[in-house]
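The values are calculated or read from the model by the stated rules, or taken from the named source; none is laboratory data. Predicted model, so just to flag it, every value in this text is computed and none were measured. Cβ atoms come from the backbone with ideal geometry, glycine included; neighbour counts cover every protein chain shown. For accessibility, only protein heavy atoms count, side chains too; no ligands or nucleic acids. Shrake-Rupley method; radii C 1.70, N 1.55, O 1.52, S 1.80 Å.
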Amino acid sequence: MHIGLDDPLKPDVAGLLEAHGRFTAEHSPPGTCHRLDAHGLARPEITFWTARDETGAVLGCIALKALGEGRGEIKSMHVAADRRGKGVARALVQAVIEEARGRGYTWLGLETGRSDGFAPSRALYARMGFEPCPPFGDYLPETFSYCMSRTL
């Protein structure tokens, strides 16, 4: 597996981002998804990576949004359904943690969902040192959003 910077507008990434959109919509109440589409992930304050296998096939993706003041947010972490449970998500999150540290960030946050569909993601983040935290940025309390963070 190779993790590298990538372009969310590439055609071969589109299928994975579409699957991410279907997954979040299926496991979230209407109007509660905070995912970014490919154009949103191509904004200057966002860095986007993919994990690819030895043939170049896309296995998963993740993004890091610069929030300013030494803070960053994980966005759009998604692994292809047939590649889950094989360490792809962990490797992607670890790559973002290392990048955030390299940038001098002291805090890294994320938002995920509260439903059972997001339980594996919440468990992974917890194993990687993230803890529940109050909503940050534009996320509101008492909503479907489940925010987590860790210091770096």
Checklist entry - Out of all the residues in region 17-34, which are buried (at least 19 other Cβ atoms within 10 Å of the Cβ) and closer than 17 Å to residue 89 by Cα? => result 17, 20, 24
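Of the residues that make up region 81-99, is at least one in contact with a Cys (Cβ under 6 Å, 6 or more places away or on another chain) and of a type outside the set (A, V, I, L, M, F, W, C)?
Filtering region 81-99 down to residues in contact with a Cys (Cβ under 6 Å, 6 or more places away or on another chain) leaves none.
No, region 81-99 contains no residue that is in contact with a Cys (Cβ under 6 Å, 6 or more places away or on another chain) and of a type outside the set (A, V, I, L, M, F, W, C).
Tally up the residues in region 58-85 that are in contact (Cβ under 8 Å) with a residue 12 or more places away in the chain and over 18 Å from residue 41 (Cβ atoms), please. Reasoning before the result, please.
Of all residues in region 58-85, those in contact (Cβ under 8 Å) with a residue 12 or more places away in the chain come to 58-67, 70-81, 83-84.
Applying the additional criterion that residues be over 18 Å from residue 41 (Cβ atoms) yields 70-71, 81, 83-84.
Qualifying residue count for the region: 5.
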Checklist outcome for this item: Among helices (runs of 4 or more DSSP H) entirely inside region 1-102, those with 3 or more residues being at pLDDT 95 or above, in contact with a Gly (Cβ under 7 Å, 6 or more places away or on another chain) and among the aliphatic types (A, V, I, L, M) are 88-102
Next on the checklist: Being touching an Asp or Glu at 6+ places or on another chain (Cβ under 8 Å) and closer than 17 Å to residue 144 by Cβ: is that true of residue 27 here?
Outcome noted: yes
Next on the checklist: Yes or no: region 75-98 includes at least one residue that is crowded, with 17+ Cβ neighbours inside 10 Å and among the charged types (D, E, K, R).
Outcome noted: yes
Next on the checklist: Looking only at region 35-66, count every residue that is open to solvent by 50 Å² or more (accessible area, probe 1.4 Å) and under 13 Å from residue 16 (Cβ atoms) and tell me the total.
Outcome noted: 2
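Taking the options 55, 47, name whichever one is among the polar types (S, T, N, Q) and over 28 Å from residue 143 (Cα atoms).
Numbers: 47 fails: over 28 Å from residue 143 (Cα atoms).
Step by step, each of 55, 47 is checked, and only 55 is among the polar types (S, T, N, Q) and over 28 Å from residue 143 (Cα atoms).
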Checklist entry - In region 111-145, which residue that is assigned to a strand (DSSP E or B) and open to solvent by less than 20 Å² (accessible area, probe 1.4 Å) is farthest from residue 77 (Cα to Cα)? => result 145
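Please work out if residue 71 is over 25 Å from residue 12 (Cβ atoms) and either of a type in the set (A, V, I, L, M, F, W, C) or surrounded by 15 or more Cβ atoms within 10 Å (Cβ to Cβ) (or both). Walk me through it before giving the result.
Values: over 25 Å from residue 12 (Cβ atoms): yes; either of a type in the set (A, V, I, L, M, F, W, C) or surrounded by 15 or more Cβ atoms within 10 Å (Cβ to Cβ) (or both): yes.
So residue 71 fits the description; yes.
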